[in-house]
Amino acid sequence: MLSGPEALTVGEQAAILGRHLGREIKHVDVPPEAARQSMLAAGVPETYANGLLELHAATRAGQTALVTSTVRDLLGRSPDTFDSFVARHVAAWS
């Protein structure tokens, strides 16, 4: 599994994006059934919507908050932080 050098919450990721974009970005934790209904109404296939909700549940439970040494082991260098990644690619969100 690949990871960056830190395990960030979605809220922390939103704050980093907001800082680089110069505006506040908040993560809103939408109730799972409301999110599911919204995805289905937007045409997202049910199987895909369910998979996204499972991933989100695992993230909320802290099951995806892993930091691995895989990038360092493979490339011989530390992985980039989310902050440095956003700084380099901020135009993608502008």
Among the numbered criteria (1) without any contact (Cβ under 8 Å) to a residue 40 or more places away in the chain; (2) closer than 20 Å to Glu12 by Cα; (3) exposed (fewer than 11 other Cβ atoms within 10 Å of the Cβ), which single criterion is violated by Ala57? (3)
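Scan the range 1-14 for residues that are in a helix (DSSP H, G or I) and in contact with a Ser or Thr (Cβ under 9 Å, 6 or more places away or on another chain) and report the count.
Step one: of the range 1-14, the residues in a helix (DSSP H, G or I) are 10-14.
Keeping just the survivors that are in contact with a Ser or Thr (Cβ under 9 Å, 6 or more places away or on another chain) gives 10.
Matching residues across the range 1-14 total 1.
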Scanning the range 62-94 for residues that are in a loop (DSSP other than H, G, I, E, B) and touching a residue at least 60 places away in the same chain (Cβ under 8 Å), the one nearest to Arg19 (Cα to Cα) turns out to be Ser94
Could you check the range 1-15 and list, in sequence order, the residues that are under 12 Å from Leu66 (Cβ atoms) and of a type in the set (Val, Ile, Thr)? none
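Looking at the structure I just gave you, is Leu21 surrounded by fewer than 13 Cβ atoms within 10 Å (Cβ to Cβ) and touching a residue at least 24 places away in the same chain (Cβ under 8 Å)?
Working: surrounded by fewer than 13 Cβ atoms within 10 Å (Cβ to Cβ): no; touching a residue at least 24 places away in the same chain (Cβ under 8 Å): yes.
When the stated conditions are applied, Leu21 does not pass them.
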Look through Val67, Val90 and report the one residue that is open to solvent by less than 50 Å² (accessible area, probe 1.4 Å) and among the β-branched types (Val, Ile, Thr). Val90
Against the definition (assigned to a helix (DSSP H, G or I) and either more than 26 Å from Val71 (Cβ to Cβ) or more than 15 Å from the chain's Cα centre (by Cα) (or both)), how does Glu24 come out, yes or no? no
Any idea which of (1) assigned to a loop (DSSP other than H, G, I, E, B); (2) farther than 17 Å from Glu6 by Cα; (3) touching a residue at least 12 places away in the same chain (Cβ under 8 Å); (4) not β-branched (Val, Ile, Thr) is the one Gly43 doesn't satisfy? (3)
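The values are calculated or read from the model by the stated rules, or taken from the named source; none is laboratory data. Here the structure is a predicted model, which is why all the values come from computation and not from measurement. Heads up, the Cβs are rebuilt from the backbone with ideal geometry, glycines too, and the neighbour counts pull from every protein chain shown. Please note that ligands, DNA and RNA were not included when accessible areas were found on the heavy atoms of the full protein model with its side chains. Shrake-Rupley method; radii C 1.70, N 1.55, O 1.52, S 1.80 Å.
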